[in-house]
Amino acid sequence: MGEVILGMPGQWAHDYREKADHYTSKIGGLPDWPDLDIPVSGKLLLCDLCGGKLCLMAQIYAPLSMAERSIDERVIYVLGCMKKDCGSNPQSWRVLRLQRCKQDIESKDEPLKAEQPEEESTSVAEDKPTSQSSSVKVCDDEDSDSDIDLDDLAQALEQAATLASNSKKQDGTKHTRKIVEGPVAKKLIYDLTTPVLPCFYIYSQRNSSEGRMDKANFVGGSSISLKEIEKSSGNESEGESWEGEAYEYDKALGADRTYLKFKKQLDAYPEQCFRYSYGGNALFPVANVPKPGACKICGSARRFELQLMPPLLYFLQEASDDSSNFSIDGWTWLTIIIFTCPKNCCSGTCDEKSGNSCRCIVEEEAIVIQDD
Amino acid sequence: MAERGDRGGFGRGFGGRGGGEGGGRGRGRGERRGGRRGNKSEEEKWVPVTKLGRLVKSNNITSIEQIYLHSLPVKEHQIIDTLLKGLKDEVMKITPVQKQTRAGQRTRFKAFVVVGDGDGHVGLGVKCAKEVATAIRGAIILAKLSVIPVRRGYWGNKIGLPHTVPCKVTGKCGSVTVRMVPAPRGAGIVAARVPKKVLQFAGIEDVFTSSRGSTKTLGNFVKATFDCLMKTYGFLTPDFWTETRFSNSPYQQYTDLLSKPTTKALLPPTEEPLQAEA
């Protein structure tokens, strides 16, 4: 429950407007809506402040496996406004949670599966991915097969265009894909009015233990050696003695203790684009953070789900140097913390009719912490 | 194996356990990532976190004086590394600090590190940690985050380069107050051993000092000296009597520059879709 999963940058998209599917986690680009009964209403895609179109900042596929039910079709979209004035105002950000409440056999929007197994909450079918999406479900019950499944899973992840490599990321267009599939090939979305951020895909990595942080890179090592210290500590003969020292918290001129802890976590994985920890604790860079509100539908207090981290802005900025029509410089956030409803409630229009699947879009809450 | 129960499914959606963590097969497949991680630990590229860091990384800010001019807080030590190349560091002292617990005493080490380039920039860092190496490393980073400019002036004739403090300044920390008085050339740094080091790193050649209070608490003594150096640029001398001409902070400067519409409009690639479907 408390573990943190990091979203690390993967491969760049060939074209920023290319279509993925809603099982892919990516940054930038255009949002991939699954087939909806009712299309996403225009109002949700417009900025509250200026009325302009919001652009997709992050699309994260976040299925849940809870005790009572599992929601496999759950995607979180983070939308932001790129205009200069709106960028620093937290009201211009919008987080949408889109989920499907019931699993349906006749669902049309799973082109990857050859057959449609009936989904139940207790067993999840294994699926060999054949295309670039990462909608793989792993079987939990079979011990002997799970190893092989991991292989295929990892292979799928590689093939799913979520490979990472620093050098490759920069020249993403030169990297050819191994598999180009028919139904979900890279089509372009012909939506030219929406502003688009540079697009790259995300792979997930577990936040490893503290040991790594101590070895976190220290560039530009000091000119001190431990032996020198031991020598100098012998020079106590002049009557000086460092008395009365007590423990002191970290402090620097521009950075306080909370920020330094935030930075320490970032330095462990300097490229992390977001941190995902359903129900876990957020990493706050400042001490006083406003509390999240309550869910508008069920009234329960929202819970932390994920937070976007600053390296994301850096990558977007690097990519948008030459081709952007809006500037990302208007964004100066240190982190965007996203809180979602713990009950994953629906918007109320879907009932418990059997065989009926409905998709709900619920607006969640984002707290933007600015970088002063 | 995936655990049931309340668990965020994001990792599960990716099969995160297959991707990131160990397990022989996982490592085999993810070897690229593991290998990369190994390479990265040797010389890791700096990914800036703050806006100022991004500006420095993209070489929009070339001199640290631009940062000082607008009093921008420096939150990443790599900024200082990039802008000040000749920074030297020295550990002034490592002292054990003890805390009494029921199970005995818990000892941690407190490191005092001073960094400076000997030419007007100096920083002081203090860090407590359980191991000496960690304390030193942390203190160097904190010292770099606290680098300040030091103003130097003349004692008498304004010939040659500035060599001493511009006026009498005093700094205080705890009960220790340190007073620095301009000295003629050739006087050297007239101070105790510990603050002398800080003043040497700052690039002050001649100064008379006088201290008061419990200077045995050398931690406070060193911080008082540092505080004194911070005040050299805070002192209003007649040179500053002219009206300030305010300039744009780097944040505004570069936002305006980059938010101008570029000449290259985002035209739809009309030919491409035909080729993709062909």
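The values are calculated or read from the model by the stated rules, or taken from the named source; none is laboratory data. Note that the coordinates shown come from a computational prediction; the quantities given were computed from them, not determined experimentally. Because the Cβ atoms are built from the backbone with ideal geometry, glycine has one as well, and the counts that use them run over all protein chains shown.
Hey, can you tell me all the residues within the range B:178-193 that are in contact with a Lys or Arg (Cβ under 8 Å, 6 or more places away or on another chain) and buried (at least 19 other Cβ atoms within 10 Å of the Cβ)? Quick ask: steps written out before the conclusion?
First pass over the range B:178-193, keeping only residues in contact with a Lys or Arg (Cβ under 8 Å, 6 or more places away or on another chain): B:178-182, B:189.
Across the range B:178-193, the qualifying residues are B:VAL178, B:MET180, B:PRO182, B:ILE189.
Residue by residue through the range A:46-78, note down the ones that are of a type in the set (Asp, Glu) and farther than 17 Å from A:LYS343 by Cα.
Result: A:ASP48, single match.
For the range B:214-278, list the helices (runs of 4 or more DSSP H) that sit wholly inside it and hold at least 1 residues that are modelled with pLDDT of 90 or more; which are they?
Of the helices (runs of 4 or more DSSP H) lying wholly inside the range B:214-278, those with at least 1 residues that are modelled with pLDDT of 90 or more span B:218-230.
Residues that are polar (S, T, N, Q) and not in a loop (DSSP other than H, G, I, E, B): does the range B:193-208 have at least one?
Yes: the range B:193-208 contains one or more residues that are polar (S, T, N, Q) and not in a loop (DSSP other than H, G, I, E, B).
Quick check on this structure: which one of A:CYS81, A:CYS47 is free of Cβ contacts under 8 Å to residues at least 60 places away in the same chain, in contact with a Ser or Thr (Cβ under 7 Å, 6 or more places away or on another chain) and closer than 14 Å to A:LEU30 by Cα? Even if it seems obvious, please write down each step before you answer.
On the way: A:CYS47 fails: closer than 14 Å to A:LEU30 by Cα.
The conditions single out A:CYS81.
Quick check: anything in the range B:99-106 surrounded by fewer than 18 Cβ atoms within 10 Å (Cβ to Cβ), more than 18 Å from B:ASN220 (Cβ to Cβ) and of a type in the set (Val, Ile, Thr)?
Yes - at least one qualifying residue is present in the range B:99-106.
Only one of A:ALA282, A:ALA301 is over 18 Å from the mean Cα position of the chain (by Cα) and among the aliphatic types (A, V, I, L, M). Can you tell me which?
The unique qualifying residue is A:ALA301.
Here are the criteria: (1) assigned to a loop (DSSP other than H, G, I, E, B); (2) among the basic types (Lys, Arg); (3) modelled with pLDDT of 90 or more. Tell me which single one A:LYS291 does not satisfy.
Looking at each condition in turn, A:LYS291 falls short on (3).
When the range B:155-170 is examined, which residues are found to be polar (S, T, N, Q) and either under 19 Å from B:ARG212 (Cβ atoms) or part of a loop (DSSP other than H, G, I, E, B) (or both)? Don't jump to the end; show me each part of the working.
Let us first name the residues in the range B:155-170 that are polar (S, T, N, Q), namely B:157, B:164, B:170.
If the condition is that a residue be polar (S, T, N, Q) and either under 19 Å from B:ARG212 (Cβ atoms) or part of a loop (DSSP other than H, G, I, E, B) (or both), then B:ASN157, B:THR170 are the ones that fit.
Output the number of residues of the range A:74-83 satisfying the condition of being within 17 Å of A:LEU306 (Cα to Cα) and at the interface with chain B (Cβ under 10 Å from one of its Cβ atoms).
The number of residues fulfilling the criteria is 3.
Could you tell me which of the residues B:THR170, B:THR164 is closer than 9 Å to B:THR225 by Cα, away from chain A (no Cβ under 14 Å), surrounded by 15 or more Cβ atoms within 10 Å (Cβ to Cβ) and hydroxyl-bearing (Ser, Thr, Tyr)?
B:THR170
Does A:GLY299 meet the test of being on the phi > 0 side of the Ramachandran plot and out of contact with any Pro (no Cβ under 6 Å at 6 or more places or on another chain)?
Taking the combined requirement at face value, the residue satisfies it.
Would you mention how many residues in the range B:47-74 are part of a loop (DSSP other than H, G, I, E, B), closer than 21 Å to B:TYR233 by Cα and within 10 Å of chain A (Cβ to nearest Cβ)?
Total satisfying the criteria: 4.
Which of the residues belonging to the range A:287-311 are at the interface with chain B (Cβ under 10 Å from one of its Cβ atoms) and within 17 Å of A:THR258 (Cα to Cα)?
Result: A:MET309, A:PRO310.
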